[in-house]
Amino acid sequence: MDMSKITSIEIPRPINISWMFVFIGLAGLYVPTYWDLIHGIWRLDENAHGSIIFLVFIYLIIRQGKGTFKHPYVPCNTIGYSLLFVGLVLYVLGRSQDIIIFEVGSQIPVFAGILLLMQGVESLRSVWFPLLYLVFMLPLPGMVVDALTSMLKQWVSVIAVEILYDAGYPIARDGVVIMIAQYKLLVADACSGLNSMFSLSAIGILYMYLAGRSGWLYNGLMLSSILPIAFISNVVRIIALILITYHFGDAAGQGFMHSFAGTVLLIVAVLLLFVLDSLFVLVLPNIRSISRTRI
């Protein structure tokens, strides 16, 4: 036998089989979690955005995921095992003690640890944004929500009343209760603007990532603009509802227009972000687009 004619066959690493077991394990951990979310806090208005964040996460993983397996296999065992351990501890604590922020948040270190162990650092870099984007799915602790909501309601009430009073309207307030003519309006928790700030932050950061603009000044200005835009938009919404109530009655202010104003608020805020993006691209130097992996 001519040994020179024998060619060596390189046996590939069984990525598919390995990942199949990983997916089964992850499904065992997190399918019950998502079942509870769908039938629990995702039904509440303040956490309804969680399902949208999850769908965006899936889209981003599909969009960027092919690049994960193009990199050479260079595992990072020490950090990988550490992240996986931390994530599993958070999951066990969250699941057993009903601490939803731990249970949902455990996905980030668990997914990152598995990627580092199965593929390596470069693969983790290819999906770093989708993993961190899961932060927007975390429900804020009730204590934090109450504190922020109370503060925002006070600010919104003060600013709206001052603007309308200076415009000549017969308006006053007592805490977060606004009196205009014969009407009394309560600035409720849902009117604080916290939900719109959270939603607009998620939309704005996603837009910045997909747009792929470089430049620290641009990114800094865009990030610092998100919360003020959300707050100002909410103040405008509250003023609009007060004026609708004053001119057309309580039924008009509390009916269809109340819900419709919230939708308009978000649309206007997103449009303002787009306008700012276009403006910054025109006036700021050294802004260019960074290519993103596409499927």
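The values are calculated or read from the model by the stated rules, or taken from the named source; none is laboratory data. Everything quoted here is computed from the prediction, not taken from an experiment. In this analysis, Cβ positions are derived from the backbone assuming ideal geometry, glycine residues included, and neighbour counts consider all displayed protein chains.
Please tell me if Leu140 is part of a helix (DSSP H, G or I) and not β-branched (Val, Ile, Thr). Show your work before the answer.
Values: part of a helix (DSSP H, G or I): no; not β-branched (Val, Ile, Thr): yes.
The answer is no for Leu140.
A Cβ distance below 6 Å, combined with a sequence gap of six or more or placement on separate chains, defines the contacts here; from the range 162-176, residues that are surrounded by 11 or more Cβ atoms within 10 Å (Cβ to Cβ) reach residues that are in a helix (DSSP H, G or I) and among the basic types (Lys, Arg) in the pairs Val176/Lys153. Across the range 166-181, not a single residue is classified as of a type in the set (Ser, Thr, Tyr) and in a helix (DSSP H, G or I). Note on the range 243-295: residues that are hydroxyl-bearing (Ser, Thr, Tyr), modelled with pLDDT of 75 or more and out of contact with any strand residue (DSSP E or B) (no Cβ under 9 Å at 6 or more places or on another chain) total 2.
Entry remark, the range 111-131: residues being under 12 Å from Tyr81 (Cβ atoms) and either part of a loop (DSSP other than H, G, I, E, B) or under 19 Å from the mean Cα position of the chain (by Cα) (or both) number 1 in total.
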